[in-house]
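Shown next, in structure tokens, is the structure this report addresses.
No value in this document is a laboratory result; all are computed from the given coordinates. No experiment lies behind these values; they were computed from the predicted model shown. Ideal geometry is used to build each Cβ from the backbone, glycine not excepted, and the neighbour counts take in all protein chains shown.
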Amino acid sequence: MGKIMSIMGPPACGKTLLSEKLSKKLNCELIKEFYDMPTNIVRELNENPHSLKTQIWFRNRRTEAMLRAKKLSKYRDVILDTCFLTSEVHIREMKDEFERKLATEMNQQDINLLGFPDIMIGIVCSEKQLYKFFRKRNAEYEQAKESFNHHCQVRKLYLELYKKYPNIIQLNTEGMDFHDEKDVLKIISLIKNEIIKKKDEKSER
């Protein structure tokens with residue numbers, strides 16, 4: 001039986017790139033949140049990133065990824081570049097109260113039905129580091145003028161999420177280059193040490 005590791009973090013923090021590097025080094029199956037984004041979702045993200053439409057589309061991608069990971073983990077370790085738990089962050093940004101309530105109920109049902117990944121890694125980085133990734137990837141769904149400011153706000157909400165769920169291992173990637181093998185190996189070492197630490201804390205309770 002394999003393990004499911006989920007890499008989470010604010011948009012443009014490099015979680016997909018890091019997941020790709022880790023999957024190769026650890027010989028794990030990689031499952032991405034999405035491979036192609038429909039044109040109407042790209043447009044919606046640029047015009048109204050907090051709409052129920054976008055939340056449902058991303059929710060479906062995240063739950064599909066988790067369901068697939070559960071099947072594959074029967075035979076090998078799996079790395080996800082997402083986690084349905086992070087829907088909670090984006091739901092908080094929704095403006096319509098009724099839609100926010102619907103999305104919250106849906107998210108709670110996902111948690112109850114799917115449970116949590118075996119290992120959850122939360123990327124921590126500064127706004128400066130975030131901006132570096134943001135400019136480099138220049139995604140078509142991040143063309144609105146306020147996109148980066150929105151990411152900075154979401155970054156703060158992710159830090160709150162990490163505190164809410166103590167099982168999330170906070171990984172500070174400040175100044176690290178995910179293309180650099182030494183940094184990737186350092187990250188793997190940090191993750192392993194934190195997993196041991198979490199197990200020790202659990203056994204002491």
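Computed values, structure above
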{"quantity": "Options His90, His50; residue that is in a loop (DSSP other than H, G, I, E, B) and not acidic (Asp, Glu)", "calculated": "His50"}
{"quantity": "Of residues in region 130-187 being in contact with a helix residue (DSSP H, G or I) (Cβ under 9 Å, 6 or more places away or on another chain), exposed (fewer than 12 other Cβ atoms within 10 Å of the Cβ) and basic (Lys, Arg), the one farthest from Lys21 (Cα to Cα)", "calculated": "Lys164"}
{"quantity": "Test: residue in region 99-118 that is within 16 Å of Met8 (Cα to Cα), buried (at least 17 other Cβ atoms within 10 Å of the Cβ) and hydrophobic (A, V, I, L, M, F, W, C)", "calculated": "no"}
{"quantity": "Subset of region 1-36 that is of a type in the set (A, V, I, L, M) and in a helix (DSSP H, G or I) - its residue that is surrounded by the most Cβ atoms within 10 Å (Cβ to Cβ)", "calculated": "Leu18"}
{"quantity": "Residues being more than 24 Å from Lys145 (Cα to Cα), without any contact (Cβ under 8 Å) to a residue 12 or more places away in the chain and charged (D, E, K, R) - total across region 21-49", "calculated": "1"}
